[in-house]
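> Starting off with a structure, shown below.
We did not get these values from a lab; they are worked out from the coordinates using the rules stated. Source: prediction; values computed, not measured. Here the Cβ positions follow ideal geometry from the backbone for every residue, glycine too, while neighbour counts run over all protein chains shown.
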Amino acid sequence: MGDALADAHPHLIEVSEVKLAYLARRVLFLLVVIWVASTITFFIPRISPKNPIRERFAELARTGGFSPQDMEKIVAAYNAKFGLDKPVVQQYFDYMGGILRGDLGVSLNKFPKTVWELIMEALPWTIVLIVTTTILSFIIGNIVGAVSAWPKSPSWVRTLSIPFILLQGVHPYLLGLLMIFFIAFRLKLLPLSGAYSVGIQPELSLSFLLDAARHQILPALSLILASVGGWALAMRGMGVTIQGEDYVNFAEHKGLKQNTIFSSYYVRNALLPQVTGLALAFGSIITAGVLVETLYGLPGLGSVLSAAINSNDFMVIYGIVLFIVVGVAVMMLVVDLVYPLLDPRIRYETK
Amino acid sequence: MSATITSPAAGAPAVPAPFQQPPRRVLVARYLRRNKSLGVGIAIVIFLTLFTIIGSVTIDTAKKAYPLAVKTKQPPSAQFPLGTDWYGRDLLAAMVRGLWQTAVIGFLAGAAATALGVVLGFISAYYGGAVDKTITGICQVLQPIPPFLIQVIIAGSIDKRSVTIYTMALIVFLLSWMGPTLVIRAQVLSMKERMFVNVAKLSGMTNLEIIFKELLPNLLPFIAASFVSAVFGAIFASFGLSVLGLGPMREPLIGNIIYYSLQQSAFFNGWWWWPLWPMLTLILIFSALTLINIGMDEIANPRVRRTE
């Protein structure tokens, strides 16, 4: 069947080969990004004059009751365990080997736990928050932008995008802080912080899910309000350039309904480049998410990261950073690969 | 050869001037009234600048903006117009100094990133070939890495007590030159092939002359737009670092004031004025820069104007 098809349309084979080459190049690019990111996370701490393990133990020594001699022994043992006494090149290869096996080290602060375990515990919270807010703000932003650039919209609709566009510059952390103060603290409408009420056990029951959802409203709202404007602005710009295109004029003169022109000619064409924007936005979305989680004390990656920063838990910091970088790069790859399926105008580049 | 070609360019056509051209500042004012976002944005920046200058002149910020200078936890009053915090800082003095420091970080990091971007963008577009491939390759590989996370690693790896506003500016700058580089490169590439550059080449101008006399003046709107977004990005990033506790600990940087007020649970303790002023100031800064950015976009991409 496949062969018959290929005989009838010889160009199909070409396309699939081109696709494979494209896929290979994108995957190679992903690997380079991951390699660069992990090399940076390896070298920066080693260029800096302070020894993270010693720093951490000095802190322990101040609070705990170790004698200096004991401390030296413990530090030596840990240095040996983490390989810090080996030459840097050897350390580098051990570290990269560890990353390939998914071994990001152990937490110094919550010792028996590995960094990987900490990440896996926190990840579901972060994914739920980020995915919901990204989808919602993408949809709302594109609707607002499309409607405000459409010349036939009533004038009050066209001004709708202005408040959102102003808000997009404001850091989501600040929006979150304002909402904590006015909505949660002054008006007491929604919970102040935390992922669920104190005294409730996390379980898969309706009451728990409702309670958790109530706690997600404000964090989600601060992320959405801060990012709707960006999508709206880009969509408005795109919409404006499309209005003058011949095919839109032609559709109008053909006598198509305004609704049809709006949805299938105007929005559809303007929306596609926005998907590419989505790939580029992952980095800033996750950064904003991390900070907002810290603000609201949600048990996601952001709070683990901020706790690790405050307690000099270096392996956790490096592990989480690397994990997020890989996540962002993989998401960009996925968008890159899905995009040509959505937009038939895009051909796989061949060079 | 070159002498014969340069001579007609010298005699510009004389304008008959049927009506008097209004003075330059009237034209600027008129343009700002038309381009409202640019006008409002610039107005806010001028207001904040005046606040800082007048404040620095009239208040002893070198002392009062730091802990143990005044009575602690005072609500706003005639003596302390913005109140005081838990550590004994006069918040008015702290805001004046913090705003200045935030501006220093933004301008230093933004200017350095834009300057490097312009240089690399020019080199990349003008020389092409392997140089271009290397520079764009590095930019493309670094772009998917969220700069904030690398900044967290750098800021977390240096001794927290030795962080100053200049190290903050440096940390932010290290990962913010890729955007300007790619923007300037794209513009130089499209401009390089246009007629006026060819004419300049034929008239015997050297490469440097073409860059400084022909290309740079035409790139100014794009460089200015890159600069505004780089300043915005730098303030945004330094704010993120300082609310995570990675800022210069001693300084009253605006993000730091918010960090410390949250550490002491200012809202729960009823010291609402403590985080309020830094929040309002930052919202003003961010909105002003966004408005200027949108306004600049209108100058650089005239097609956007049609929405008005």
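> Under the classification rounded if a/c is under 1.5, otherwise prolate if a/b is larger than b/c and oblate if not, where does segment B:158-228 fall, given a ≥ b ≥ c as square roots of the Cα gyration tensor eigenvalues?
The shape class here is prolate.
> Let me ask something additional. Using the Karplus curve 6.51 cos²θ - 1.76 cosθ + 1.60 with θ = phi - 60°, what ³J(HN,Hα) values do you get for each residue of segment B:268-273, in whole Hz, with x for Gly and Pro?
Using θ = phi - 60°, the values come out as 5, 8, x, 8, 4, 5 Hz.
> OK, next. I need the phi-derived Karplus couplings for segment B:133-144: 6.51 cos²θ - 1.76 cosθ + 1.60, θ = phi - 60°, integer Hz, Gly and Pro marked x.
Rounded to whole hertz, the list is 4, 5, 5, 5, x, 4, 4, 5, 6, 6, 4, x.
> For segment A:92-237, what's the relative contact order in percent, using C-alpha pairs closer than 8 Å and at least 6 residues apart? Intermediate values should be presented prior to the final figure.
Working: 139 pairs, mean separation 48.2, N = 146.
Once normalised by length, the contact order is 33 percent.
> Another question, then. Using modelled amide H (1.01 Å from N, peptide plane; none on Pro or chain starts), what sits under 5 Å from the amide H of A:Val106, excluding residues fewer than 5 places away?
A:Val115
> Whole angstrom only: what separates the Cα centroid of segment A:265-319 from the Cα centroid of segment B:115-184?
Here the two parts' Cα centres lie 20 Å apart.
> Moving on to the next point. Of B:Gly117, B:Val163, B:Val96, which is farthest on the positive side of the dipole of segment B:61-164, counting Cα position, with +1 on Lys and Arg Cβ, -1 on Asp and Glu Cβ, and the Cα centre as origin?
B:Val96
> Oh, and also: Under 5 Å between amide H atoms, partner at least 5 residues away or on a different chain: which partners does A:Gly297 have, H built in plane at 1.01 Å?
A:Gly194
> When the helix-only estimate is applied to chain B (DSSP H runs of n ≥ 4, each -39,500 (n - 2.57), divided by the residue count), what is the mean residue ellipticity at 222 nm, nearest 500 deg cm²/dmol?
-22500 deg cm²/dmol
> Follow-up question, since we're still on this one. Is there a pair in A:Lys86/A:Lys113; A:Lys188/B:Lys73; B:Lys36/B:Lys73 whose C-alpha atoms are over 29 Å apart, and which pairs would that be?
Table pairs above 29 Å Cα-Cα are B:Lys36/B:Lys73.
> In percent, how large is the relative contact order of chain B, given Cα pairs closer than 8 Å and 6 or more residues apart?
RCO, chain B: 24 percent.
> What size of dipole, in debye to the nearest 20, comes out for chain B about its Cα centre when the only charges are +1 on Lys and Arg C-beta atoms and -1 on Asp and Glu C-beta atoms?
460 debye
> Taking a ≥ b ≥ c as the square roots of the eigenvalues of the Cα gyration tensor of segment B:21-63, is the shape rounded (a/c under 1.5), prolate (a/b larger than b/c) or oblate?
Working: a/c = 7.29, a/b = 2.60, b/c = 2.80.
Cα axes put segment B:21-63 in the oblate bin.
> Each residue of segment B:23-32 in order: what ³J(HN,Hα) in whole Hz does its phi give by Karplus 6.51 cos²θ - 1.76 cosθ + 1.60, θ = phi - 60°, with x for Gly and Pro?
Listing the rounded values in order: x, 4, 5, 5, 4, 4, 4, 5, 5, 5 Hz.
> What is the set of long-range amide H partners of B:Gly88 at a cut-off below 5 Å, with H atoms built 1.01 Å from backbone N?
B:Leu68, B:Lys73
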